[in-house]
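The values are calculated or read from the model by the stated rules, or taken from the named source; none is laboratory data. Only a predicted model underlies this, so the values are computations on that prediction, with no experimental measurement involved. Methodologically, a virtual Cβ is constructed for each residue, glycine included, from the backbone with ideal geometry; neighbour enumeration extends over all protein chains shown. Surface accessibility is based on the protein's heavy atoms, side chains included, excluding ligands, DNA and RNA. Shrake-Rupley method; radii C 1.70, N 1.55, O 1.52, S 1.80 Å.
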Amino acid sequence: VKVAVLSGPSHAEEVARGEYTTVVAAAESPVTAQIVQDIMSSDCLRIYTSEDLIGVELGGALKNIIAIASGFCEGLGLGDNSRAALITRGLAEMSRLGVCMGAEEYTFSGLAGVGDLIVTCTSRHSRNHRFGKKVGEGMPIAEALCEVGTVEGYYATEMAYSLSKKYNIEMPIVEGCYAVLYGGKDVKEVPDDLMKRPMRSEH
C-alpha cells in the first residue's frame, strides 16, 4: 500500500492564509513521498521528503504531549527558562522513544520533530497548549477538555506512557502529564518532581 504522511509546523489557520510554511511528506517509498511533494508544493508551501514514516508519525503525536506540559508551565506562571528546558528535554524524550521503535534519530531534529514541537508548544493556535494552560491555572480536566474541544495530546499521553513502560524508557515529562491527566496528581507538584530527579549527563 502506498501510504504517505504529512507533518510539520503547520497551523491550518496560517496555511489557509497563504503564510509561508514548510512540512515533510514521509513514505517508505521515496517515489510516493515525491508524488506528494510534487502535487502539494506551492509558492507558500514547501514540502520536503523523508523515508522515515515511523519517526514522522511519532513526532506528530508526541509533540502534543509536550505542548500540554508547556501549557502547564504557562498556567503555573513559570518563565521562559522553564519553557525552554521543558521543550528541549521533551524533544529528548520524543527521540528516545522514536529510536527505540525504529525511527531515525535525525527526524526529530527536523520539521516533524523540533519544528512541530516549537510551534505547538508556543502558538496561540495550539489546542494542546491551550488545554494545558487551563489545567495549569486550576481548571478541572473534564471542563478544560470540553472548553477546548479536540485535544490530541490528552489521548497520546496514555499511549506514550504505555509505550514507555513497554520499552522500559525514561520519559519523565510524559509520566508527569500522565499522572496529572489520568492519576489525579496536582499539576503544581510536577515541576518540583522533574527538578528533583537524580543528576545525570545530558546525553
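Taken as a whole, the condition of being under 21 Å from the mean Cα position of the chain (by Cα), open to solvent by 20 Å² or more (accessible area, probe 1.4 Å) and of a type in the set (Asp, Glu) applies to residue 170. Exactly one condition in (1) under 23 Å from residue 14 (Cα atoms); (2) of a type in the set (D, E, K, R); (3) at pLDDT 95 or above is false for residue 124; which is it? The number of the failed condition is (3). Quick check: anything in the stretch 117-126 surrounded by 15 or more Cβ atoms within 10 Å (Cβ to Cβ) and farther than 24 Å from residue 48 by Cβ? Looking through the stretch 117-126, none of the residues is surrounded by 15 or more Cβ atoms within 10 Å (Cβ to Cβ) and farther than 24 Å from residue 48 by Cβ. When every residue of the stretch 141-148 is checked against the conditions, none turns out to be within 21 Å of residue 58 (Cβ to Cβ) and hydrophobic (A, V, I, L, M, F, W, C). I'm checking my understanding of the structure. Among residues of the stretch 121-146 that are part of a helix (DSSP H, G or I) and touching a Ser or Thr at 6+ places or on another chain (Cβ under 9 Å), which one is nearest to residue 75 (Cα to Cα)? It comes out as 133.
Yes or no: residue 87 in a helix (DSSP H, G or I) and surrounded by 15 or more Cβ atoms within 10 Å (Cβ to Cβ)? Against the criterion (in a helix (DSSP H, G or I) and surrounded by 15 or more Cβ atoms within 10 Å (Cβ to Cβ)), residue 87 qualifies.
Can you name the residue in the stretch 51-60 that is open to solvent by less than 30 Å² (accessible area, probe 1.4 Å) and either part of a loop (DSSP other than H, G, I, E, B) or in contact with a helix residue (DSSP H, G or I) (Cβ under 6 Å, 6 or more places away or on another chain) (or both) and, of all such residues, is nearest to residue 105 (Cα to Cα)? Here the answer is 55.
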